[in-house]
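Peer 1: Mind looking over this structure? Questions follow.
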Amino acid sequence: MGNMGNEEVIGGYGAAAPFLADAVYMAELRQRMLKFASLQLADPGLAEDAVQEALAGALRNAKAFAGRSAFRTWVFAILRNKIADQIRFKRKQSQMIAMPLGHFPDEDEPRYFDVKGHWVPENRPSDWGNPEVELLGKDFWRVFEACLDHLPPDQGRVFMMREFVEMETPEICAEIGITTTNMHVLMHRARLRLRNCLEGHWFAPEESLS
Amino acid sequence: MMCENATKLASDELDRRLSIGETLRLRLHLFGCDACSGFVRQIGMMRKATRRYVATDASDPDER
């Protein structure tokens, strides 16, 4: 990876060549990938490995990059697969921190509903308009990221596997040893929490992120 | 159906196929509940955002 700036070396990389040749771009992309991997692999070493392998895979298969999708999207798709591999591998190695089976206390959850199951006024969804995801600016993504970071670990992990790594439900349940029912409960809580956080800090900001 | 169950079904719908009964009960509730209808739109938008998040770089001026 050290001589990536060398035009001759990257000559055979097709549509990916301009990206691979841009050392600044690649350094930023690597940082970005590392951050993404770290969100899902608690061990920094494993996150580093996944990024390294994804970049190596991208280099090896650079000719397969047709330039139709964004280069970044393509590289991240490779990284997602690497992360899914790591998650599976970690489980086989029994290095995974065991999740309490079948019991997810909800005392720590914010109160979204009253005893009758109606929204409590302070957490009732307000109208966000119809924001186009494509048009959201970088300030939004910063808030979004901060809100993700604020998810409790069990919710965050399941949410990340499902929505970022795009693993299917049976696979997630098998990998971390929870029932489908538990997974759906965690997803519900994660969505309620993330929604609340976005509403409080982006769509109707009333206080700053702590 | 109450809002708490409606949001649970709405969330489940993104991860599993609802039964016909569940779908009907959910739609019926949403028909009369603005807050839960908002919730459904918002979690849909959140899914789009999470998937887009991977493909964008907040620090990259080219994409903004």
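The values are calculated or read from the model by the stated rules, or taken from the named source; none is laboratory data. Since the structure is predicted, the reported quantities are computational estimates derived from the model, not experimental observations. Backbone-built Cβ (ideal geometry, glycine too); neighbour counts: all protein chains shown. Side chains included, ligands, DNA and RNA excluded: accessible areas come from the protein's heavy atoms. Shrake-Rupley method; radii C 1.70, N 1.55, O 1.52, S 1.80 Å.
Peer 1: Looking only at the stretch A:127-146, count every residue that is at the interface with chain B (Cβ under 7 Å from one of its Cβ atoms) and closer than 23 Å to residue B:7 by Cα and tell me the total.
Peer 2: Summing the residues that are at the interface with chain B (Cβ under 7 Å from one of its Cβ atoms) and closer than 23 Å to residue B:7 by Cα in the stretch A:127-146 gives 5.
Peer 1: For the stretch A:90-112, check the following and say yes or no: at least one residue is open to solvent by 20 Å² or more (accessible area, probe 1.4 Å), at pLDDT 75 or above and away from chain B (no Cβ under 14 Å).
Peer 2: Within the stretch A:90-112 (the criterion being open to solvent by 20 Å² or more (accessible area, probe 1.4 Å), at pLDDT 75 or above and away from chain B (no Cβ under 14 Å)), the answer is yes, since at least one residue qualifies.
Peer 1: Shifting gears a bit: Would you please list the contacts, defined by Cβ atoms under 8 Å and residues six or more apart or on different chains, that run from a residue in the stretch B:37-50 that is within 15 Å of residue B:4 (Cβ to Cβ) and aliphatic (A, V, I, L, M) to a residue that is open to solvent by less than 10 Å² (accessible area, probe 1.4 Å) and assigned to a helix (DSSP H, G or I)?
Peer 2: Listed by first residue and then by second, the contacts come to B:40/B:10; B:43/A:191; B:43/A:195; B:43/B:10; B:43/B:11.
Peer 1: When only residues in the stretch B:1-36 that are surrounded by 15 or more Cβ atoms within 10 Å (Cβ to Cβ) and out of contact with any helix residue (DSSP H, G or I) (no Cβ under 7 Å at 6 or more places or on another chain) count, which is farthest from residue A:109 (Cα to Cα)?
Peer 2: For the stretch B:1-36, the residue satisfying everything is B:25.
Peer 1: Scan the helices (runs of 4 or more DSSP H) fully inside the stretch A:127-200 and keep the ones with 2 or more residues being of a type in the set (S, T, N, Q). Spell out how you get there, then give the answer.
Peer 2: On the way: elements: A:138-149, A:153-163, A:169-176, A:180-198.
Per the criteria, A:180-198.
Peer 1: Something else about it: Scan the stretch A:18-38 and report the pairs whose first residue is open to solvent by less than 10 Å² (accessible area, probe 1.4 Å) and whose second residue is among the small types (Gly, Ala, Ser), with Cβ atoms within less than 6 Å and a gap of 6+ or a chain change.
Peer 2: A:37/A:47; A:37/A:50
Peer 1: Which pairs do you get when a residue that is on the phi > 0 side of the Ramachandran plot, found in the stretch A:142-171, comes within reach of a residue that is part of a helix (DSSP H, G or I) and open to solvent by 20 Å² or more (accessible area, probe 1.4 Å), reach meaning Cβ atoms under 8 angstrom, with the pair 6+ apart or on two chains?
Peer 2: Matching pairs, first to second residue: A:166/A:80; A:166/B:51.
Peer 1: Do we find a residue being open to solvent by 40 Å² or more (accessible area, probe 1.4 Å), at pLDDT 90 or above and not small (Gly, Ala, Ser) anywhere in the stretch A:156-173?
Peer 2: no
Peer 1: Determine which single condition residue B:39 fails, assuming it passes every other condition in (1) open to solvent by less than 20 Å² (accessible area, probe 1.4 Å); (2) under 30 Å from residue A:33 (Cβ atoms); (3) modelled with pLDDT of 95 or more.
Peer 2: (2) is the only condition that residue B:39 fails.
Peer 1: I'd like to verify a number: residues in the stretch A:41-65 that are in contact with a Gly (Cβ under 8 Å, 6 or more places away or on another chain) and surrounded by fewer than 14 Cβ atoms within 10 Å (Cβ to Cβ), how many?
Peer 2: Step one: filter the stretch A:41-65 for residues in contact with a Gly (Cβ under 8 Å, 6 or more places away or on another chain), giving A:62-63, A:65.
From what is left, the residues that are surrounded by fewer than 14 Cβ atoms within 10 Å (Cβ to Cβ) are A:63.
Residues meeting the conditions: 1.
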